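Participant: Quick one: the structure is below, and I'll ask about it shortly.
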Amino acid sequence: MKEVEIRTEYIALGQFLKLADCISTGGQAKFFLQEAVVHINGEPDNRRGRKLYAGDRVEVEGCGEFRVVAGK
């Protein structure tokens, strides 16, 4: 499981996908989420505006498993 560090209270799923290198630009998030299966804390979710907080687990089909961690 890879860790993705955020320096804010939360990050939107669309931004997270870019940080995690699942997509190359933020504009691809909408189309990516229509095609790929994403689970957040074990539940499916495809809303690019979904807020992710430190401690959340994200599984992205074809990209891997991630944990959101708070930066210092």
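The values are calculated or read from the model by the stated rules, or taken from the named source; none is laboratory data. The model shown is predicted, which means the values in this text are computed figures rather than measured ones. Heads up, the Cβs are rebuilt from the backbone with ideal geometry, glycines too, and the neighbour counts pull from every protein chain shown.
Participant: For region 24-46, give me each residue that is of a type in the set (Val, Ile, Thr) and at pLDDT 95 or above.
Facilitator: Those that are of a type in the set (Val, Ile, Thr) and at pLDDT 95 or above: 38, 40.
Participant: Here's a check for you: in region 53-63, which residue that is hydrophobic (A, V, I, L, M, F, W, C) and in a loop (DSSP other than H, G, I, E, B) is surrounded by the fewest Cβ atoms within 10 Å (Cβ to Cβ)?
Facilitator: In this case the residue turns out to be 54.
Participant: Residue by residue through region 38-52, note down the ones that are in a strand (DSSP E or B) and surrounded by 12 or more Cβ atoms within 10 Å (Cβ to Cβ).
Facilitator: Scanning region 38-52 gives 38, 39, 40, 51, 52.
Participant: Residues to consider are 14, 26, 49; find the one that is within 22 Å of residue 71 (Cα to Cα) and touching a strand residue (DSSP E or B) at 6+ places or on another chain (Cβ under 8 Å).
Facilitator: That would be 49, the only listed residue that is within 22 Å of residue 71 (Cα to Cα) and touching a strand residue (DSSP E or B) at 6+ places or on another chain (Cβ under 8 Å).
Participant: Taking the condition of being assigned to a loop (DSSP other than H, G, I, E, B), touching a residue at least 60 places away in the same chain (Cβ under 8 Å) and among the charged types (D, E, K, R), how many residues in region 1-25 meet it?
Facilitator: Matching residues across region 1-25 total 1.
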